[in-house]
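> Input: one structure, supplied below.
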Amino acid sequence: MLEKEGYISYSGIPNFPKMGLKIMAFNFLSWNAEGEELSAARSKDFMDKAASFVKKNSNVIFASTGSGMGMGRVLISMHKSYADHVGFIKGLQAEWGHYIAKRDVFLVSLESDNVVKQLSFDHLMDYIRPE
């Protein structure tokens, strides 16, 4: 039933380190006044630029608006190394720096031995399933 109604689509969760990905980065951004105005108006040029940036950076696995920590945007990106992440941030700054008021990042080592729970959707149904 959940499949037929579109609640479930199937995709595997890769073994990121085995694929050579060592860092997951949670990149938090807030726009300056000009960026907020263009974003709120859903300016075609601004939205096309955002779509183009995400498309050419295939290591971005999620990008959205949101709120928290004084930020209004989040990009989750995967990286082969710290240097790869630094290059990504330089590209982000080059293309979007004009609109960014604040930027912060939380880096997760995917090779850490301190992972309490691996990224998985296996138990999500236990959470959303009615009692």
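> Of everything in segment 63-114 that's without any contact (Cβ under 8 Å) to a residue 12 or more places away in the chain and aliphatic (A, V, I, L, M), which residue is nearest to ASN32 (Cα to Cα)?
Within segment 63-114, the match that is nearest to ASN32 (Cα to Cα) is ALA94.
> Looking at segment 17-124, what strands (runs of 3 or more DSSP E) fall wholly within it and have at least 2 residues that are of a type in the set (Ser, Thr, Tyr) and out of contact with any Gly (no Cβ under 9 Å at 6 or more places or on another chain)? Before you say what the answer is, go through the steps one by one.
Values: elements: 23-31, 60-68, 71-79, 100-109.
Correct list: 60-68.
> OK, next. State which residue pairs qualify: first residue under 19 Å from ILE23 (Cα atoms) and inside segment 48-60, second residue in a helix (DSSP H, G or I) and among the β-branched types (Val, Ile, Thr) in any location, beta carbons under 6 Å apart, and separation of 6 or more residues or different chains.
Filtered contacts from segment 48-60: VAL60/VAL54.
> Same structure again: Suppose we keep only residues that are of a type in the set (S, T, N, Q) and closer than 23 Å to VAL86 by Cβ within segment 42-63. Which one would you say is surrounded by the fewest Cβ atoms within 10 Å (Cβ to Cβ)?
SER58
> Check MET69 against each of (1) hydrophobic (A, V, I, L, M, F, W, C); (2) at pLDDT 95 or above; (3) over 22 Å from GLN118 (Cβ atoms) and name the one condition it does not meet.
The number of the failed condition is (2).
> Can I ask one more? Given the criteria under 24 Å from SER11 (Cα atoms), surrounded by 10 or more Cβ atoms within 10 Å (Cβ to Cβ), of a type in the set (A, V, I, L, M, F, W, C) and under 16 Å from the mean Cα position of the chain (by Cα), does ILE89 qualify? Lay out the reasoning, then the answer.
Values: under 24 Å from SER11 (Cα atoms): no; surrounded by 10 or more Cβ atoms within 10 Å (Cβ to Cβ): yes; of a type in the set (A, V, I, L, M, F, W, C): yes; under 16 Å from the mean Cα position of the chain (by Cα): yes.
Here the answer is no, as ILE89 does not meet what is asked.
> Which of the following residues is at pLDDT below 95, over 30 Å from MET1 (Cα atoms) and surrounded by 11 or more Cβ atoms within 10 Å (Cβ to Cβ): SER39, SER77?
Within the list SER39, SER77, the selection yields SER39.
> Right, SER120: among the polar types (S, T, N, Q), surrounded by 11 or more Cβ atoms within 10 Å (Cβ to Cβ) and more than 12 Å from ALA25 (Cβ to Cβ) or not?
No, not satisfied.
> Does at least one position in segment 23-32 carry a residue that is out of contact with any strand residue (DSSP E or B) (no Cβ under 9 Å at 6 or more places or on another chain) and either at pLDDT 90 or above or of a type outside the set (Ser, Thr, Tyr) (or both)?
Checked segment 23-32: no residue is out of contact with any strand residue (DSSP E or B) (no Cβ under 9 Å at 6 or more places or on another chain) and either at pLDDT 90 or above or of a type outside the set (Ser, Thr, Tyr) (or both).
> Considering each residue of segment 10-38, count those that are of a type in the set (Ser, Thr, Tyr) and touching a residue at least 12 places away in the same chain (Cβ under 8 Å), and give that number. Outline the logic, then answer.
Narrowing segment 10-38 to residues of a type in the set (Ser, Thr, Tyr): 10-11, 30.
Checking which are touching a residue at least 12 places away in the same chain (Cβ under 8 Å) leaves us with 30.
Number satisfying all stated conditions: 1.
The values are calculated or read from the model by the stated rules, or taken from the named source; none is laboratory data. None of the values given here were measured: they were computed from a predicted structure. So basically every Cβ, Gly included, is an ideal-geometry build from the backbone, and we count neighbours across all protein chains shown.
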